[in-house]
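Peer 1: So that we are looking at the same thing, I have put the structure below in structure tokens.
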Number of protein chains: 2
Amino acid sequence: MIAQTPKPPYYAVIFTSLRTEGDNGYAEMSQRMDELAREQPGYLGIESARSGLGITVSYWDSLEAIQNWKRNSEHQMAQTYGRDKWYSQFRIRICKVEREYGRTNEE
Amino acid sequence: MIAQTPKPPYYAVIFTSLRTEGDNGYAEMSQRMDELAREQPGYLGIESARSGLGITVSYWDSLEAIQNWKRNSEHQMAQTYGRDKWYSQFRIRICKVEREYGRTNEE
């Protein structure tokens with residue numbers, strides 16, 4: 001569940017959100033976007049948690065890969081639903097990962 | 001709960017973790033570290049969620065501020081406990097936030 005990312009530098013998209021009430025098709029679309037993201041060129045991994053506030057961090061090998069994913073037509077539909085129905089607030093931060101360390105089972 | 005950060009560039013520390021069983025003093029120390037972080041020079045905000053996987057993102061105005069916080073003596077004690085008692089796995093990623101957008105109540 002902790003993403004196994006390569007040696008930096010690479011890129012991260014931090015997506016922070018507060019949900020509206022009710023599901024409104026969110027769970028299904030969320031799972032679909034998760035699967036679709038994994039198929040994109042340059043995708044490196046994803047980490048997600050929600051307890052009131054939701055945080056999803058996806059990792060990518062370049063800014064171009066992030067831009068291509070943002071422009072994916074199915075993803076664009078999900079973005080529209082997100083703004084209109086699922087999120088009362090959200091914030092997206094595009095970052096360059098410069099250093100990484102820690103302890104995971106794979107090391 | 002979504003951090004109100006300034007116009008990029010600034011820095012983010014993405015801390016991803018899996019907990020061990022039991023509290024072992026974690027809740028109290030976690031709250032104390034949250035309070036202590038807010039008092040540090042260069043602190044910009046914090047966002048946190050856990051659902052199995054835990055993700056905490058703290059925001060800082062410089063790499064120096066992140067380094068100073070890492071070296072804080074009380075925080076160093078917490079880091080030792082974290083490695084020894086609280087986390088079965090963890091990963092820390094130091095990032096430069098290059099772009100930010102979204103919709104929050106403050107805008």
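Peer 1: I need the phi-derived Karplus couplings for the stretch A:62-75: 6.51 cos²θ - 1.76 cosθ + 1.60, θ = phi - 60°, integer Hz, Gly and Pro marked x.
Peer 2: 7, 5, 4, 4, 5, 5, 4, 5, 4, 8, 3, 5, 5, 5
Peer 1: With r as the distance between the Cβ atoms of residue A:84 and residue B:50 and R0 = 30 Å, compute the FRET efficiency 1/(1 + (r/R0)^6) and round to 0.05. All intermediate terms of the calculation are to be shown ahead of the outcome.
Peer 2: Values: r = 28 Å, r/R0 = 0.94.
That gives a FRET efficiency of 0.60.
Peer 1: Distances in nm, one decimal, shortest first, from residue A:27 to the same residue in every other copy, taking the label point 7 angstrom along Cα→Cβ.
Peer 2: 2.8
Peer 1: Of A:70/B:7; A:7/A:96; A:7/B:70; A:7/B:7; A:70/B:96; A:96/B:70, which sit over 24 Å apart, Cα to Cα?
Peer 2: Numbers: A:70/B:7 21 Å; A:7/A:96 12 Å; A:7/B:70 21 Å; A:7/B:7 28 Å; A:70/B:96 20 Å; A:96/B:70 20 Å.
Over 24 Å apart, Cα to Cα: A:7/B:7.
Peer 1: Computed on protein heavy atoms with a 1.4 Å probe, what is the summed buried accessible area for the chain pair A and B, in Å² to the nearest 100? Walk me through the numbers on the way to the answer.
Peer 2: Values: alone 7670 and 7690 Å², together 11230 Å².
For chain A against chain B, roughly 4100 Å² becomes buried.
Peer 1: How would B:63, A:44 rank on accessible area, largest to smallest, probe 1.4 Å? Display every interim value, and only then the final one.
Peer 2: Working: B:63 80, A:44 50 Å².
Accessible-area ranking of B:63, A:44, largest first: B:63, A:44.
Peer 1: How much accessible surface does residue A:30 have with a 1.4 Å probe, in Å² rounded to 10?
Peer 2: 50
Peer 1: Per-residue Cβ counts within 10 Å, from other chains only, averaged over A:47-60: what number is that?
Peer 2: Details: counts 7, 5, 11, 4, 6, 3, 7, 6, 13, 2, 7, 0, 2, 0.
For this peptide, the per-residue mean of nearby foreign Cβ atoms is 5.
Peer 1: Put a point 7 Å out from Cα along the line to Cβ at residue A:70; what are the distances to that point in the other copies, in nm, shortest first?
Peer 2: Computed spacing set for this position: 2.9 nm.
Peer 1: Taking Cα pairs under 8 Å and at least six residues apart, what relative contact order does chain B come out at, in percent? Don't jump to the answer; show the numbers that get you there.
Peer 2: Values: 152 pairs, mean separation 49.0, N = 107.
46 percent.
Peer 1: With r as the distance between the Cβ atoms of residue B:7 and residue B:39 and R0 = 22 Å, compute the FRET efficiency 1/(1 + (r/R0)^6) and round to 0.05. Don't skip to the answer; put the middle values down first.
Peer 2: Details: r = 24 Å, r/R0 = 1.07.
Computed FRET efficiency for residue B:39 and residue B:7: 0.40.
Peer 1: Work out from phi, with θ = phi - 60° and the Karplus expression 6.51 cos²θ - 1.76 cosθ + 1.60, the ³J(HN,Hα) of each residue of the stretch B:84-95, listed in order in whole Hz, and give x for Gly and Pro.
Peer 2: 7, 10, 9, 10, 7, 9, 7, 8, 10, 10, 9, 10
Peer 1: Sort shortest first the distances from residue B:81 to its counterpart in every other copy, using label points 7 Å along the Cα-to-beta-carbon line, and give them in nm.
Peer 2: Label-point separations across copies, in nm and ascending: 4.3.
Peer 1: For residue B:53, what charge total do you get from the other residues with a beta carbon under 11 Å from its beta carbon, if Lys and Arg give +1 and Asp and Glu give -1?
Peer 2: Values: positive: A:50, B:19, B:50, B:91; negative: A:47.
That sum, taken over residues with Cβ under 11 Å, equals +3.
The values are calculated or read from the model by the stated rules, or taken from the named source; none is laboratory data. Only a predicted model underlies this, so the values are computations on that prediction, with no experimental measurement involved. Neighbour counts run over all protein chains shown; Cβ positions are idealised from the backbone, glycine included. The accessibility values were calculated without ligands, DNA or RNA, using every heavy atom of the protein model including side chains. Shrake-Rupley method; radii C 1.70, N 1.55, O 1.52, S 1.80 Å.
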